[in-house]
1. What list of ³J(HN,Hα) couplings, whole Hz, do you get for region 28-39 from phi and the Karplus terms 6.51, -1.76, 1.60, once you set θ to phi - 60° and write x for glycine and proline?
2. Per DSSP helix of 4 or more residues, -39500 (n - 2.57); summed, then divided by the residues of the chain. What does that give at 222 nm, rounded to the nearest 500?
3. Tell me which residues come under 5 Å, amide H to amide H, from Ala83 once H is placed; ignore anything under 5 positions away on its chain.
4. Please list, in order along region 13-23, the HN-Hα scalar couplings obtained from phi with the Karplus expression 6.51 cos²θ - 1.76 cosθ + 1.60 (θ = phi - 60°), rounded to whole Hz, x for Gly and Pro.
5. If amide hydrogens are placed 1.01 Å from N in the peptide plane, which non-local residues have theirs closer than 5 Å to the one on Ile35?
6. Per residue, how big is the convex hull of region 2-85 when only Cα atoms are used? Give it in Å³.
7. Just to check I understand the Karplus step: with θ = phi - 60° and J = 6.51 cos²θ - 1.76 cosθ + 1.60, what whole-Hz values come out for region 53-67, glycine and proline as x?
Amino acid sequence: MLVVHVHVHVKPEYVEAFKAASVENAQQSVQEPGIARFDVIQQADDPTRFILVEVYRTAEAPAQHKETAHYAKWRDTVAAMMAEPRTSVKYQNIFPDDAGW
């Protein structure tokens, strides 16, 4: 499993719109066969900061995800909402192993 944390800092006036667009994208993303999990989480002490937790079943799944219409819609919709460019960190899943998902 490949786990990606996408760090997003949103302009304060766009927090609710970002949440709505991201939840819509996540709901569609979890329907993809290569995605095991897709969480949208908001920082408790700074509501303008989010992490998208994306759990992929294969190394190819992130590229496949980025080819979907719902990802393109999300990317284009939220681009102007960001206070700074989003960043990501990739992790390798240790536990639970693939059988646990």
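1. 7, 5, 5, 7, 6, x, x, 10, 8, 7, 8, 9
2. -8500 deg cm²/dmol
3. His9, Val10, Lys11
4. 3J(HN,Hα) across region 13-23, in whole Hz: 6, 10, 4, 5, 5, 5, 4, 4, 5, 6, 5.
5. Here Arg57 satisfy the definition.
6. Output value, Cα hull per residue: 83 Å³.
7. 9, 10, 10, 9, 7, 9, 5, 7, 4, x, 5, 5, 4, 6, 8
Each value in this text was obtained by applying a stated rule to the coordinates, not by laboratory testing. None of these values were measured; they are calculated from a predicted model.
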